[in-house]
Structure formats: structure tokens, C-alpha cells
1. Among rounded, prolate and oblate, which fits the protein assembly as shown when a ≥ b ≥ c are the square roots of the eigenvalues of its C-alpha gyration tensor, a/c under 1.5 means rounded, and a/b larger than b/c means prolate?
2. At a 10 Å Cβ-Cβ cut-off, how would you order B:M24, A:M98, fewest neighbours first?
3. Within the set of other residues whose C-beta is less than 13 Å from the C-beta of A:E158, count the net charge using Lys and Arg as +1 and Asp and Glu as -1.
4. In cubic angstrom, how much convex hull volume per residue do the alpha carbon atoms of segment B:90-162 span?
5. What's the average, rounded to a whole number, of partner chain beta-carbon atoms within 10 Å of each residue's beta-carbon in B:40-47?
6. Would you please name the trypsin sites (Lys or Arg not before Pro) within segment A:11-44 that are DSSP coil residues with at most 16 other C-beta atoms within 10 Å of their C-beta?
7. Just tell me how shielded B:123-133 is by partners: mean number of partner chain Cβ atoms within 10 Å of each residue's Cβ, no decimals.
8. Take each of the peptides B:124-135, B:146-157, A:65-76, average the number of other beta-carbon atoms within 10 Å over its residues, and list them starting from the highest.
Amino acid sequence: MKAPRFSYVRAESLEQVFELLKQYGEDARILAGGQSLIPTLNMRLSQPAILIDINRLDMLKGISAGDGAVRIGALARHAEVAESPVIAARLPLIAAAMPHVAHVAVRNRGTFGGSVALADPAAEMPACVLALGGTLVVAGARGRREIAAEDFFRGLYETAREPDEILVEVRVPTEAPGTVSVFLELAQRHGDFAIAGLACHARIEGDTVADARLVYFASEDRPRLAKGAMAALAGKAWNDGTRAAVIGALTDDLDPMTNLDGGAAMKLHLQRVLTGRALDAAVAQARAA
Amino acid sequence: MGETRKIALTVNGKRYAEEVEVRMHLGDFLRQQLGLTGTHLGCEHGVCGACTVLVDGVSARSCLMLAVQADGRELLTVEGIAPNEEELHPLQEAFRDNHGLQCGFCTPGMLTTLIEFLGDNPDPTEREVREAISGNLCRCTGYQGIVAAALDAAQRLKALKQA
């Protein structure tokens, strides 16, 4: 037997989940898709007292378009998001990022909410939600609250969710007409963990980048909004001067971490390369539209 | 022995009612408890794809699912692919004829992955096949034979459908 001993509950209601989270706190783990959690159990890297299996909670499922935003249930599988016409039409950034999320069997079970709640620094979905200014809805026995993506990701696997809360849904504003999205990622092989990556959402008017949101992932301890680079870009024509200013600003915006995939200097270099490619692509996309 | 649960499931058309330890993953359950050792366990953290099975027709890593989560589900493993003891499935025949395997370790995962893929995409391009098996590692074939087998199988399945 590979995994350590734990208790297991197949939750029948959200109230039951709240009750168990209240009782066990940090010793409980939510079992959603399990594609990150079960490896850590098999390798005995984590030793929870109890697994709360939420897979049969229908209220956490589904993807729907509402008033200016798309609601993605925490249990929506990556494969569902990838195939969703709602996502393709309203959130092209997420649609573009999805093929980078692991491989088909993992996308079949892994969940959108699980990826966001785990906040793996190399994960694609947290970066997309931050780039699009999404809102995370968490709930627990103490009630329900909404957290802006900018306040949610706090560090390495650290989020604003309290141990007695569960992420129930993610709301992402529909991408506005006239905006473009580009998602770029570098990995050893397609589908592997990212070495560097960038989610870019921009409004481009003629030759001018009216405003852009740039979120870098994989190099940082969390998805990082590059505010200096964004300021250097706002209202500027995309040319060699702007390119140099934006790429220069990344020195202060980013704080790359060395890991097995590469050193901090290499990761900063790769993010700069991706920045140039992303904005070239964004401008080309806007021209073609 | 840790905490256990009673589960009932169907594997390759056969009903099973079993008591399982909740921490046992589905791959170990299939191999150790049901004796279905065709499903191979390589890395046990979701990277190699050898343990892929179909759960209600959808591919899943059996090392990344608990056996208790398969309660009420219908599973297909490599043992259930061939129509009977004497004949092979067209995909298996195509693997044999195109050198789609050497040591055979990755084969169960390749076959289950491709059964799902060819069901969704009966007329794939080579690139689509490569993408479909991108989550399955093979250290013998260099993938060429596997890709050829998958493309050949698509033609065989199409011919069968038209016949």
C-alpha cells in the first residue's frame, strides 16, 4: 500500500463538507480530481487525517454564461472547459491555455477549481484567472465570500482560502469585444510542467496598446501581475522602444525562483522572450480582427 | 488494515462486490485484489500513462484514482478489449502488425488511451495521434510503430463499420 492511512468521506452535501472542514481544518484535504493530491499521497508527501471526496456534489459542476461573466463550477473538469463552447466564445484566453494542461487522461479528471485552489506556481489556470480579473467564491460554515484573484494568490501553494473553507466557483468576466488574448508557455515537452509562461490580455487600438494585463507564471512563487511592464505598455505603440521598456521593467516586476528546470536568470530571460512574442502575437491578432 | 468500504463495480462486463481499503488506488485494486494484472503500474504519479483505464468510457490514470471512487462505475481494462479469447481487437492486431510494441509495458495504457481517442476521432491525422498518446511514455519503440498502428487501426475500424 503506497498511501498513508487516512479516513475517507464521500460528501453528500456542501453542509457536510463545511462541517468536516470545521472539525478537521488543515488536517482535511478536499479530493476533487485528485490529479495533484493523489500523487502526493502515493509518495507519502502528505498525510491528511481525512479526504473529503466532493466528486458527487452536482452543485459544484457546470459552466454557464451569466451577466457579463462566466461561472465555472469548482468541479468542472479541464476536459469540459476545453470543449465548452461558452469558454471558447467568451474566454478565449482560457481556451488557448487549456491544451497546455497536462494530457488527456489528466484533463479528464483534473478540475478547474482544484487547479485554482491548489495554486501550483506552474499551473496555467491561476494565471488565466488573474489575467482576466476573475473572482474566487469560497464557502464554509461561517458563510460565503468572494475574493478577487489579485488578493487570492499569496505565495507558494498559498491562497486566501481559510482551512475551513472550500472553493465553490470561479467567476471570470467575459472578454470584452475588441480585446485580444495570448497564452504562451515553455516546457521541456508539451504537457509537462511549465518552465516559464505568460497569460496576456490586451486592448489594442490601431498600433497602440491601450492597456494590457500581463501575468507571469512558473518562474514565480505565484502567478504574478507585472504592474511595471503593464505601465510601460499602457497607451504606447508597440515598437522597439516600448519593447525595451517593457522588457526592462520585468527586472523589478519578477522575482524568479531557481528550480530543477532552470536558474532565476534563465527564467527571467525566458519570460522576456515570451513577452516579446506575446505582444507581437497580440498586435497581429488585433490587426487581423 | 486501515479504514475500508464496500464497493460494487463492473470491470470488463463482469460485476464485482469487494471490500477495499480506502487508501488503495484503483490500479493496485485491479492488480492485487481482482488479479487483473494487465494494467501496468509505472510511475504511480500520473506521468507515464501505463496504468490508464477507461472509467465509464473516459480515460483515467488508475494510479490517480482511489478504488473507493470507482464504486458504481463501469471500467474497461486491457483484458476487456479483445472480443473473445481467440480474437484480437482491430487495434491490437494493428499493434502486432506495425511493431507497436516491444517490451509491452506501456501497451495497456496505449491501447486504452487509443480506444477512447479513436472512438472520438475515427479519422485522425498523424499529429492528432501523437497528441493523443503524448501522456503515455514508451521507451522501446520511439513511438513510430505505435503511431503507425493507431493510424492503421483507424482504417481497419472504418472498414469494419462500412462492411
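1. Numbers: a/c = 2.00, a/b = 1.35, b/c = 1.48.
Oblate is the answer for the protein assembly as shown, as a/c is 1.5 or above yet b/c matches or exceeds a/b.
2. Numbers: B:M24 19, A:M98 23.
Lowest count first: B:M24, A:M98.
3. Working: positive: A:R154, A:R161, A:R222; negative: A:E26, A:D120, A:D151, A:E162, A:E220, A:D221.
Counting the neighbours of A:E158, the net charge comes to -3.
4. Working: hull volume 5.2 nm³, N = 73.
Residue-normalised Cα hull volume stands at 71 Å³.
5. 5
6. When the trypsin sites (Lys or Arg not before Pro) of segment A:11-44 are filtered for loop state and at most 16 Cβ neighbours within 10 Å, A:R44 remain.
7. Numbers: counts 0, 0, 0, 0, 0, 0, 0, 1, 5, 2, 2.
Average neighbour count from other chains, rounded to a whole number: 1.
8. Working: B:124-135: 17.1, B:146-157: 21.2, A:65-76: 18.8.
Result, highest mean Cβ count within 10 Å first: B:146-157, A:65-76, B:124-135.
Every read-out reported here was derived from the displayed coordinates using simple, explicitly stated rules and does not represent laboratory data. Computed from a prediction, not measured in an experiment: that's the story for all the values here. Heads up, the Cβs are rebuilt from the backbone with ideal geometry, glycines too, and the neighbour counts pull from every protein chain shown.
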